[in-house]
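Taking it in order: structure first as structure tokens, then the write-up.
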Amino acid sequence: MNLDRIAGIAHEPDGRAHGVVVLTHGAGGSRDSVLLQQLCDEWARRGWLAVRYNLPYRRRRPKGPPSGSAESDRAGIVEAIECCRRLVDGPLIAGGHSYGGRQTSMVVAAGGAAADLMTLFSYPVHPPGKPERVRTEHLPSITVPTVFTHGSSDPFGTITELRDAAALINARTEIVEITSARHDLGSKAFDVAALAVDAALSLLSG
């Protein structure tokens, strides 16, 4: 399969895929983040095609955060979802880490692309130290089941703040709390990828 257009890398399962998972990275990161690689490996082990891809700002330059690129990044998310939906039959799960997850949720909320479920990692409820600047205004427009995987020590939002944000979504939600983890969701005590995939599959099956 050719994913060059979206700068994507596919993790293929053994046998026919149950569906496709499309994940992107956070601000300052890339498709090669440890978290995305672990997640895509886990999804492939569960029989799903998993694609990790670079947002447009990362395709333009190898390092640095996004800067005024949110609109084009959301267009890139739409393109990635549409591209990956054509790869296999079955459900499509979309999401990403931090900035990438937030932008994906905005695309889905606006109806720019269809997903059967979202899986969001370290959702940035607000900037660190600025809890008054919440980034939740679009969440009531989301109508697909959504899994949040979040560290209990994430400076971008407490678990309580995340629960309040998740309650705004007009669909079933699940929160996977990773004790003591920060924004990168690194953990020696928990298999973050396995827990996130378990929650997504449970929510998808109803």
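In this Cβ point-charge picture (+1 for Lys and Arg, -1 for Asp and Glu), segment 4-205 has a dipole of about 540 debye about its Cα centre. Considering only Lys63, Lys188, Lys130, the Gaussian network model of the chain with Cα springs below 10 Å gives its largest mean-square fluctuation to Lys188.
Taking Val176, Val134, Val125 in turn, the Gaussian network model of the chain (Cα-Cα springs below 10 Å) assigns the largest fluctuation to Val134.
Sort the chain into rounded, prolate or oblate with this rule: let a ≥ b ≥ c be the square roots of the eigenvalues of the Cα gyration tensor; rounded if a/c is under 1.5, and if a/c is not under 1.5, prolate when a/b is larger than b/c, oblate otherwise. Taking the square roots of the gyration eigenvalues as a ≥ b ≥ c, the chain is rounded.
Throughout, read-outs are computed from the coordinates displayed, never taken from laboratory work. These numbers were taken from a predicted model, which means no experiment stands behind them. Because the Cβ atoms are built from the backbone with ideal geometry, glycine has one as well, and the counts that use them run over all protein chains shown.
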